[in-house]
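I have placed the structure first, in the form of structure tokens, so that the comments after it can refer back to it.
The values are calculated or read from the model by the stated rules, or taken from the named source; none is laboratory data. Note that this is a predicted model, so its numbers are computed, not measured. Cβ sites come from the backbone with ideal geometry, for glycine too, and all protein chains shown count toward neighbours.
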Amino acid sequence: MTPQALIRQTTALFLEAGIPDPAWDSALLLAHLTGKPALNLRLDMDTQLDDDLLAQYIALRDQRLQRVPLQYLTHEQSFMGHTFYVDERVLIPRPETELLTELAIAELRRMAAPTALDMCCGSGCISISIALAVPGAQVHAADLSPDALAVTRRNADALGANITLHQGDLFASVEGLRFDLIISNPPYIPTQDCRTLQTEVMQEPGMALDGGADGYDFYRRIALESPAHLNPGGVVLLEVGFDQANHVAELMQQAGFRQTEIHQDLQGIPRMVVAHL
């Protein structure tokens, strides 16, 4: 079977199963196994694929038909121009989180020898991207999950990023430390809504998604606890759900932050809150 024929066959199966972007996923799975560009494979009507490769592909295809996220099958996700390893232990990095990271990098570049903390770091995509973009910064990453921190360490080592890891429940993991900047993409989906998410999203770690009954559990704690871990004039940057920005900004103001800003994502949705102490 040729690459084009295999991709077309798989695209039909994915389409029938309701998988988003069926043609793209079909091609990316084959690109992952062959190391060849997906577009080239979609046009290849001549190469005959060997049986071993076909067997590997079918095994991945069957998992994707079970709605295992594509990134968990290829163990790759691009973020801020870097390729991160991901698996079922961590949330898959999203494009909107890149915007939050860019805001943090801009803030840090205005500081001399800054210190930064990535709270709820997951794969480490935020902290590692910051460390690579701002070499003079001291970057820390914290998470409750030892499994997530293992993925962060793997990515930091692979990308050559110098970061310090902390394991524990939010700020308990960095007791006694202060930072110029704290950034977080915490769990923010209301518990009830976690049961109605897209099938692929429901296969991501529940602890990285569930933000409590109303989705604000982590924001309330970050608002109350972060001032004790910020240097004077410090800043907190938070990713929020599509309808949470105003309330999160209010929580930060009530906690004593003097200035809050709300930033939109590329679709015009308010998705980021920046709070200055």
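List of remarks:
- Number of the condition not met by L251 [criteria: (1) touching a residue at least 40 places away in the same chain (Cβ under 8 Å); (2) surrounded by 17 or more Cβ atoms within 10 Å (Cβ to Cβ); (3) farther than 20 Å from D143 by Cα]: (1)
- Single match in G176, G268, G215 (criterion: of a type in the set (G, A, S), within 30 Å of P69 (Cβ to Cβ) and surrounded by fewer than 22 Cβ atoms within 10 Å (Cβ to Cβ)): G268
- Test for I105: is it in the same structural domain as A208 (by TED's automatic domain parsing), under 16 Å from the mean Cα position of the chain (by Cα) and under 25 Å from F218 (Cα atoms): no
- Among residues of the range 179-212 being closer than 25 Å to Y72 by Cβ and small (G, A, S), the one that is surrounded by the fewest Cβ atoms within 10 Å (Cβ to Cβ) is G206.
- Selection count where residues are among the small types (G, A, S) and surrounded by 22 or more Cβ atoms within 10 Å (Cβ to Cβ), scope the range 220-244: 3
- Count of residues meeting criterion [out of contact with any His (no Cβ under 6 Å at 6 or more places or on another chain) and within 20 Å of Y216 (Cα to Cα)] in the range 146-187: 10
- Residue count, the range 91-148 (criterion: at positive phi and either among the hydroxyl-bearing types (S, T, Y) or modelled with pLDDT of 95 or more (or both)): 3
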